[in-house]
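These notes concern the structure reproduced below.
Just so it is clear, none of the values below were taken in a lab; they were calculated from the coordinates. For clarity, every value in this text was computed on a predicted model and none was experimentally measured. Note that we place each Cβ from the backbone using ideal geometry, even for glycine, and neighbour counts take in every protein chain shown.
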Amino acid sequence: MLNRKQKMTLLKLLSLFSVVRGYNILVIVLAQYLASIYIFSSHLPLRQVIFDGNLFAIVAASALAIASGYLINNFYDAEKDLINRPKKTMLDRLVSQRFKLTTYFILNFLSVIIASYVSFRAVVFFSFYIFGIWLYSHKLKKITFVGNLISALLAITPFFAVFIYYKNFDLVIFVHALFLFLVILIRELVKDLENIKGDLVYGYQTIPIKYGEKVSKMVITFLTLLTLIPSYLLISKFEVGYMDTFFYGCMVLLIMFLMLLWRSTSKKQYVLIHNLLKFIIVSGVFSILLIDVDLVLNRIF
């Protein structure tokens, strides 16, 4: 049995994991490696990709920078989240604001140090990335739609780090990136619908607050229909193997999403469609394996 001190330490570790969204970081790390194997460097031996020290450094630097980003975002949004996500915030508050800020600087320092293993350009890249996250958390996120755009761009930036490393400029990569960017942007706009109460109290000029829920839903609808374009292109114009089943399913889910969106009026309903988008993103990561089911075996041998 754990004593009281051990239980408190365990709770604080869980709190820190919650603050840095450890589960999201694990998915991003997996996505970076799968994208490297199946999309960015499909011509290279599997062993060479998996045991590439530079790739590991890029992924590690990305994970640390993202974790620090969640920390600084939580630091600035602590009061607002108490309204929007009271249960999660109570767990997050087991870690003090001072500890969050200290950890934020340590993680950023480690991210840049690890990036220096790759090259000076990697140091510059991650330095700008870290600064961009801070600027978004401190200022840009309160600006109507600009905050959503920047958030979506920052979310896909770690993949561009890997993309630049492999210097693979195939058109299919940009279409994949456009699809992911649009889904994440839609998710950000849905989060604004769930968080109206807290955003209103703390002066966030989101679309639903400034123009109303109907306008917000119209913008989301337009972006969702736009997402069908890269989905169709990836199915019909590019060789994505069995991953086309994901895009077919995704098109169906997005249509369902729109139907649920226009029927939603409460926070609980918005959380439901938000989770549907999360499911699309996470299943998209694992569906990368379907691009070529024989690829790994062939590259092992």
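Numbers for the structure displayed
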{"quantity": "Packing rank of 17-24, 250-257, where each peptide gets the mean count of other beta carbons within 10 Å, highest leading", "calculated": "17-24, 250-257"}
{"quantity": "Candidate aspartates and glutamates for bridging to residue 278, where Cα separation is under 18 Å - those fewer than 8 sequence places away on the same chain excluded", "calculated": "188, 192, 194"}
{"quantity": "Among (i) 20.0, 60; (ii) 17.8, 51; (iii) 19.6, 71, the entry derived from the coordinates for Rg and Dmax of the Cα atoms in Å", "calculated": "(i)"}
{"quantity": "When each of 139/214; 100/167; 12/142; 217/268; 142/214; 100/142 is checked by Cα-Cα distance, pairs over 28 Å", "calculated": "100/167; 12/142"}
{"quantity": "D (Stokes-Einstein, µm²/s), Kirkwood Cα radius, the stretch 178-301, 1.567 mPa s at 4 °C", "calculated": "82"}
{"quantity": "Packing-based order for 261-267, 156-162, 101-107, using average beta carbon neighbours within 10 Å, highest first", "calculated": "156-162, 101-107, 261-267"}
{"quantity": "Note, ³J(HN,Hα) from phi for the stretch 16-29, Karplus 6.51, -1.76, 1.60, rounded to Hz, x at Gly and Pro", "calculated": "5, 4, 5, 5, 8, 6, x, 5, 5, 5, 4, 5, 5, 4"}
{"quantity": "The chain: relative contact order as a whole-number percent, Cα under 8 Å and 6+ apart", "calculated": "21"}
{"quantity": "Restricting the stretch 168-248 to GluC sites (Glu not before Pro) in coil, as DSSP defines it, with at most 15 other Cβ within 10 Å", "calculated": "239"}
{"quantity": "Distance from the stretch 267-292 to the stretch 148-163 (C-alpha centre basis), Å", "calculated": "17"}
